[in-house]
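The values are calculated or read from the model by the stated rules, or taken from the named source; none is laboratory data. Just so we're clear, the structure is a prediction, and the values are computed from it rather than from any experiment. FYI the Cβ positions are ideal-geometry reconstructions off the backbone, even for glycines, and counts take in every protein chain you see.
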2 protein chains.
Amino acid sequence: MNDLSKRIHGSARQIEADILRSRKPSLELPVRSLQNVHYNPAKGFFSLGRKRKARTLTVGTVKTFAQTLKMIATSKSLVDTQEIATKREMYYISKNWGEARFLEQDESDTIMDDVEAFFLVNREQLGFVPEEKGGDVAGRLVILDRDPSTGKTLRIDCTKFGSGAYSVPISVEDLGFETSARFILAVETAGMFQRLVKHRFWDKHRCILISLGGVPTRACRRFIRRLSDRCKIPVYAFMDGDPYGYCNIYRTLKVGSGNAAHINEYFCVPRTTFLGVTPQDIVDYDLPTHPLKEVDVKRARDALKNDPFIRRHPPWQKALEQILKMGVRAEQQAFAAHGLNHVLEVYLPEKLKAPARFLP
Amino acid sequence: MNDLSKRIHGSARQIEADILRSRKPSLELPVRSLQNVHYNPAKGFFSLGRKRKARTLTVGTVKTFAQTLKMIATSKSLVDTQEIATKREMYYISKNWGEARFLEQDESDTIMDDVEAFFLVNREQLGFVPEEKGGDVAGRLVILDRDPSTGKTLRIDCTKFGSGAYSVPISVEDLGFETSARFILAVETAGMFQRLVKHRFWDKHRCILISLGGVPTRACRRFIRRLSDRCKIPVYAFMDGDPYGYCNIYRTLKVGSGNAAHINEYFCVPRTTFLGVTPQDIVDYDLPTHPLKEVDVKRARDALKNDPFIRRHPPWQKALEQILKMGVRAEQQAFAAHGLNHVLEVYLPEKLKAPARFLP
C-alpha cells in the first residue's frame, strides 16, 4: 500500500469505527466555489480557503453517502492495482452498485470532484483519468517512462520524431525528464506548432515545443507543470492576440481557474510568462487584424473588473485597456502576411531577446 | 521541379498563351456536388463524375480568376521549396495581393478546394496543410521520416513510447512504414486507446493502435490509408454503437463523404471493416445502454433512405433497422460495467476470432 492507499484506508476505518459505535458517520469536504478561493501571487495560483462542509449520513443523504464511499473504494482498488478509469468508465462501473448506481454521468462527476477535494489530491493520483488526450511535444527533451511488461525504463527522445511529435498520455504522474533546454515554448495552435517543428526551431533556440491545441487539457497542463518544476525551466506562452488568448487560455495555464481551485495547485504553471502576441506586437509588427467581437470586449471588461489575476498585474490591465482601445485582435498566423517564416526568423528571435517585453 | 510542379507550370503556360493571343483564358474545374458523385464498391469510395464547369476570365470573374491564379502560384512555390502553409496562413498571405486579397477565409478556402479539384490532387500535395493535428499511434509499427537538417532517415519505433504515443503530423505524404502487424485497430475515443496502450494490447495481438479522437481529421485518415495500402493490412474500426458512430465516423473513414468527392480517393480507407460495437454486441454482451436521441433516429432513417454506401450493403441496413427497433445506443466504454478490462480480455479477443461477425 502506498501513502495515498493508506490515507484512503484510514478514512474508511474512521467511518467504520463511527458505525460500530452507533455514531452517525460523517465526511468533511472543502467548499468548492469562488467564495472559498484566494489568489496569492507568491504561491502563484488560486488556492482553496478554509470553508468546509460536512456530509453526514442521514435518511436524506444515504444514497450520496453510499456513492461517495463506493467511489472511494473504487479509487483505492485503482491505486492498489495501478489501474486507470476514465470518468465515463467510472459511471459505467456504478451500474453494478444496485440502488447506489448513478443515473447520469453528472452525478458521478460531482462525487468524483468531492472525493478529489476530500483527499486534496488531483483525481489522476486516484486513478481517474480524463477522456481527452494531452498535447504534442517536440524538441530537446528525453521523457523517461516505464515499459509495463518488462518494468525497464524507456527513454523517449523528442528530437527523434521528424515531422511528428510525442503525444502526451492521459496520465503523466510517473513520467521523468532529462533536458538541456533553456525554455518551453507553449504554442496555441497545431498549425504554428507544425511550422516550428518543420524548421527545427527547438534545435536552434535550444527549447522544447508544446502544442496546446486551444485551451490545454488537464493532462497537458499537468505535463507542462511537472516538466517546468522538475527541470526548473521557464515556460513562454505564444498565443493569439485577443482577450480569449489572454484571459482564458493563458490565465488558466498560469494560475488555474475559479471553479476548480482545489486542483489548481497541480494544474497551473506559475513559471509561465506571456511572450506574445501582445497588443503592442500588433502595432510593432504591423499585423493584419480583425475587429474585436462583442464577446471579446465583454471578456476583457469582465477580466479588468473581476479577475483576481488581472487585478494584481498592472501590465495586464494596460494590455487589456490597449486592446480595447485598438478595437482589434490578431492571430498568431497573422505573421504569415510578412512571409511564411517571418514568425520564426524575425518575430520569435526578437521577442526572445527582450524578455522585458513579455507580460507577467 | 517535380511532376506536380511541372503540371502547375504547364497550366500557367496555357493561360499565358491564351492571353498573348488575345483569347479569353479559361480554367476547367470538376463540379463538386453530390449530383456529380458515384459509389462503386469495387473502387471502394465515392468518386467524382464527369461534369465540369469552366471559369473564364470576364469582367464579372476577374477577381476570382486572379485569386485562383495567385493561389496556384503560391502552391507552386510551396511545392518547389517543400514548404507548407495552413489554410489560415494562406488567407493571410493574400493580404499582400492588393485588390485580389481575400476578405474572409471562406473565400480563400473555396478557391483552395477549386485548385485541389483542378489538379485532381489532395491539397496536402500542394503544400496546404490542415489546421488540426492527426491521431495518435502506438504498437507494432516503425515510421520512417527524414531529419530535415541532416537528410538522414529517422526510424520511429511505436513500441517504445510507454504510456505515450506517436502523434501523426499534419502532412503525412512522405512517411514510410515497416510493420509486422496483422491489423490496424482504429479506436474512436482517447480513453479507450489509453486503456489498450496501458495494457500493451498491440503486443499480444500483433497490431497497430490508432486513436481517432472522434471524427478523424484528414491527416489521420490519410495516415491510415497510406499505412494500410503500403503494408497491405486490414483496418478494424472500434467505435461507439450508435448511428453517429456507424453513419458518420465509420462511413466517412471507409468511403469518404459526399461534399468532398474529389479527394475521397486519398482520404477514405476502403480496407476498413467494422468490428464493433454492433447492435448485436449490445445484446450479446448485455451492455448498459442509453435511449436513442431523436437526432440518432433521424440519422439512421436518412442513411437507410439516402446513403449510397448503406444502400449497397444489406448487413448495414439490417444493423440500422435493428438499432432503431431496439431504441438504444451503447458506448465503447460501456464494457466497463463488466470490469474495467473486460473489453480487452474478453470482448476484443472474441470479436477478433470471428471476423464473420464484422460489418462491411
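What the table below lists for this structure:
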item	result
Filtered residues of the stretch B:199-234 (kept if under 16 Å from residue B:270 (Cβ atoms), assigned to a loop (DSSP other than H, G, I, E, B) and in contact with a Lys or Arg (Cβ under 9 Å, 6 or more places away or on another chain))	B:232, B:233, B:234
Helices (runs of 4 or more DSSP H) contained entirely in the stretch B:47-129, each with at least 3 residues that are away from every other protein chain (no Cβ under 14 Å), over 21 Å from the mean Cα position of the chain (by Cα) and in contact (Cβ under 8 Å) with a residue 40 or more places away in the chain	B:62-81
Options A:216, A:270, A:279: the member that is touching a helix residue (DSSP H, G or I) at 6+ places or on another chain (Cβ under 9 Å) and surrounded by fewer than 23 Cβ atoms within 10 Å (Cβ to Cβ)	A:270
Candidate set from the stretch B:167-181 (those that are in a loop (DSSP other than H, G, I, E, B) and surrounded by fewer than 18 Cβ atoms within 10 Å (Cβ to Cβ)); member that is nearest to the other protein chains (Cβ to nearest Cβ)	B:174
Count of residues meeting criterion [within 12 Å of chain B (Cβ to nearest Cβ), free of Cβ contacts under 8 Å to residues at least 40 places away in the same chain and touching a Ser or Thr at 6+ places or on another chain (Cβ under 9 Å)] in the stretch A:199-218	2
The lone exception for residue A:159 - which of (1) within 18 Å of residue A:228 (Cβ to Cβ); (2) surrounded by fewer than 17 Cβ atoms within 10 Å (Cβ to Cβ); (3) of a type outside the set (A, V, I, L, M); (4) at pLDDT 95 or above it fails	(1)
Residue within the stretch B:191-198 that is assigned to a strand (DSSP E or B), within 14 Å of chain A (Cβ to nearest Cβ) and charged (D, E, K, R) present	no
Unmet requirement for residue A:83, which otherwise passes all of (1) at pLDDT 90 or above; (2) of a type outside the set (A, V, I, L, M); (3) in contact with a helix residue (DSSP H, G or I) (Cβ under 8 Å, 6 or more places away or on another chain)	(1)
Qualifying positions in the stretch B:130-143 - at negative phi, more than 10 Å from chain A (Cβ to nearest Cβ) and touching a residue at least 60 places away in the same chain (Cβ under 8 Å)	B:140, B:141
Residue match in the stretch B:245-264 (condition: within 14 Å of another protein chain (Cβ to nearest Cβ), of a type in the set (Val, Ile, Thr), crowded, with 19+ Cβ neighbours inside 10 Å and within 29 Å of residue B:340 (Cβ to Cβ))	no
Extreme residue, nearest to residue B:194 (Cα to Cα), among residues of the stretch B:144-166 that are free of Cβ contacts under 8 Å to residues at least 40 places away in the same chain and more than 7 Å from chain A (Cβ to nearest Cβ)	B:157
Condition check for residue A:84: buried (at least 23 other Cβ atoms within 10 Å of the Cβ) and β-branched (Val, Ile, Thr)	no
Checking residue B:269 against (1) part of a loop (DSSP other than H, G, I, E, B); (2) under 21 Å from residue A:130 (Cα atoms); (3) of a type in the set (Val, Ile, Thr), the condition it does not meet	(2)
Any hit, the stretch B:35-55, residues being exposed (fewer than 14 other Cβ atoms within 10 Å of the Cβ) and among the β-branched types (Val, Ile, Thr)	no
